[in-house]
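*Asks:* Sharing a structure, written as C-alpha cells. Questions coming.
Nothing in this text is a laboratory measurement; each read-out follows from the coordinates by a stated rule. Everything quoted here is computed from the prediction, not taken from an experiment. Reconstructed Cβ throughout: ideal geometry from the backbone, glycine too, with neighbour counts over all protein chains shown.
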Amino acid sequence: MNTLRVAIGLIMMTLAAVSFGQNVAYRTIASGTNATEKQQRMFHITDQSAFENYLAIAQSTSRPKVDFYKDRVVAIFLGTRSTGGYSASVRSVSVVANVATIEVVEATPGRDEITTQALTSPWVMIAIDRSVLDFKLNITKVQKDGGILVGPYSVWYPGQWSPCCNGYYNGFYNPFGQVFYTQNTFNYWVQQSGFNFNSAGLSFNFQTSALAIVSIGRFSQGYTCAVENVVYNQGAAKVLIRRTTSVQQQSGASWFGVGIDRSARSIATEYFDDSSVVLGYQGDAFMRSSSAGVMLSAQQIRSLPSSVTVKGYSPTKENVFAVTVAPQNRKAYKFEGLAYRGNQAVALFSRPASTPDTKAQTYLIRVPRAVTSVSIEDMPAKKASR
C-alpha cells in the first residue's frame, strides 16, 4: 500500500520542486533502497569525485547534476533492513547558527504488507547550500498502514476504544487528560475535584477497560467537538478530537469519557480542525503535483487562477498553504483537516473506500499567522469500538 509521503516545498513561480527549511534551500536529488552501506551513516559531499563514489555505494540508477561551486550533497544511509518495504525521505531542514537539522522519515512496512524477503538498505540524498557547515540528523519512523508521525523513532498505532459519556465543564480551561482503572478511584476524584459529573449516567466496565476523561480545554469553545480516534504507543494513549464549525450552545469546555485499553499508563489529547474550518479551496491541481505544504505569498495569492477563490481568508491573521496530491501516489485520499504542533500544522488525509481520483487535486488551507510550515500525514485508521 502506498503511504502519504511527507514533504515541505518551496514554491517558485517556475513551479520547480524545491523544499525549504528555516533559512536554507534544499532539494532531494536521489533516493533508493539497495545501498551497500550496512550502518546508519551521514556523509557530506563537496566534489564530483566523492559524489560518484557515494552514488556507487547507494547503487543509484540515476546520476543527478550538482553544481558543487554552490551546493554540497548530504547522503543519508539508514543501514541494513531485514526485508523490503522500507524507504527514506527528507521531511524538512531547519538551520540555526549555521547548523542544519535534517528530519528524515523512514517508512516501514505495514503489518499486513507482503514484502520481499531480502536485505535492503534505504537511503536519500539532498543538495544544500555550501554555506551550511554542520548537520544533525533526526529520523522518524512511520508505518505504512496507519501509524502517524510522532517524534524520532516513535509511531502511534490505532487501538480499541469506546465513547461512554461527554459534557461541558468550566474547570477545563487547559487541555486535560486522566486515566482511571477502578470505580472507586474515579468516584474519589470526582468528589475531590468538584467535576460536575452525573455518575447515574455512567455505565462502564472497569474490568475490561480503563476510563479516560479528556478535554482540549478552551480550544473547544465555539466549536462542536467529537472524539475521532484513540492511538497508542508504548503505554501511552492519545485521543484525537475533531473540531467543526458548528457553534456550541452550552458554556464551558467540551469533555469526553472514553474507554481505552487498560495497558495505557498515560493519556494526552490532540485536536484537529475539520476541513470545514480550514479549507479555502479544493479542485483540480493548478500546481506541480509534487508540491506539498507550500506557503503562498500575497503576490502568489493574487496571481491564482481566476477560478480559485480562497474563501474566508483573512490576510492580516492567516497564511495560506497549498497542498497538491497526485492520484498516482494518493489514490482515493480525502482531506480530513489540520492538526497543530507548535508552529507547524499537519494536513491529515484518510483513505476512504471509494473510487480513486483520476486527477491531481490542489487544496488551499488557511492557517493562523504563527504557523510557518505544513506537512502531510495519514489519518490513522479506526479500530472498531468495544
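*Asks:* What is the distance, in nm, between label points placed 7 Å from the Cα along the Cα-to-Cβ direction at D134 and at N34?
*Replies:* Computed distance between label sites D134 and N34 equals 3.8 nm.
*Asks:* Net charge near A35: determine it from the other residues with C-beta under 15 Å of the C-beta of A35, scoring Lys and Arg +1 and Asp and Glu -1. Let's see the in-between values first.
*Replies:* On the way: positive: K38, R41, R81; negative: E37, E52, E106.
With Lys, Arg at +1 and Asp, Glu at -1, the net is 0.
*Asks:* Relative contact order, percent, of the range 162-274 when contacts are C-alpha pairs under 8 Å separated by at least 6 residues? Mind dumping the intermediate values first?
*Replies:* Values: 250 pairs, mean separation 43.9, N = 113.
Reported as a whole number, the value is 39 percent.
*Asks:* Still on this structure, I have one more. For the residues Y271, Y232, Y181, what sequence is obtained by ranking on other C-beta atoms within 10 Å, fewest first? List each step's numbers first, then the result.
*Replies:* Numbers: Y271 23, Y232 19, Y181 14.
Starting with the residue having the fewest Cβ neighbours, the order is Y181, Y232, Y271.
*Asks:* Further, regarding this structure: Compute the Cα gyration tensor for the range 162-274, then decide on rounded, prolate or oblate, letting a ≥ b ≥ c be the square roots of its eigenvalues: rounded whenever a/c is under 1.5, prolate when a/b is larger than b/c in the other cases, and oblate in all that remain. Each step should come with its number before you reach the end.
*Replies:* Values: a/c = 1.89, a/b = 1.25, b/c = 1.50.
Judged from the Cα gyration tensor, the range 162-274 comes out oblate (a/c at least 1.5, b/c at or above a/b).
*Asks:* Same structure, new question: What length, rounded to one decimal in nm, is gained on full extension from A298 through to N187, with 0.36 nm per residue of separation minus their alpha-carbon distance? Kindly include the intermediate steps, with their values, before the conclusion.
*Replies:* Details: separation 111, 0.36 × 111 = 39.96 nm, distance 5.48 nm.
Using 0.36 nm per residue and subtracting the Cα-Cα distance, I get 34.5 nm.
*Asks:* Which entries of K38/K141; K70/K359; K136/K334; K311/K359; K70/K136; K141/K317 have Cα-Cα distances beyond 27 Å here? Before the final figure, lay out the partial values.
*Replies:* Values: K38/K141 18 Å; K70/K359 37 Å; K136/K334 34 Å; K311/K359 22 Å; K70/K136 21 Å; K141/K317 34 Å.
Listed pairs above 27 Å: K70/K359; K136/K334; K141/K317.
*Asks:* All other residues with a Cβ under 14 Å from the Cβ of S314 taken together, and with Lys, Arg as +1 and Asp, Glu as -1, what is their net charge?
*Replies:* On the way: positive: K311, K317, R366, R369; negative: E318.
Result for the local shell: +3.
*Asks:* Something else: How far, in nm, would the chain grow between A118 and A370 when pulled straight, counting 0.36 nm per residue and subtracting the alpha carbon separation? The partial results should precede the final answer.
*Replies:* On the way: separation 252, 0.36 × 252 = 90.72 nm, distance 4.57 nm.
This chain segment gains 86.2 nm when fully extended.
*Asks:* Ok, one more. Would you kindly state how much longer the chain becomes between T83 and N174 on full extension, computed as 0.36 nm times their sequence separation minus their alpha carbon distance, in nm to one decimal?
*Replies:* Numbers: separation 91, 0.36 × 91 = 32.76 nm, distance 4.46 nm.
Contour length minus the Cα-Cα distance gives 28.3 nm.
*Asks:* Once label points are set 7 Å from the Cα along Cα→Cβ at both A25 and F206, what is their separation, rounded to one decimal in nm?
*Replies:* Going from the A25 label point to the F206 one covers 6.2 nm.
*Asks:* I want the local charge near V96. Using Cβ-Cβ distances under 14 Å, sum +1 for each Lys or Arg and -1 for each Asp or Glu among the other residues.
*Replies:* Summing Lys/Arg as +1 and Asp/Glu as -1 gives -1.
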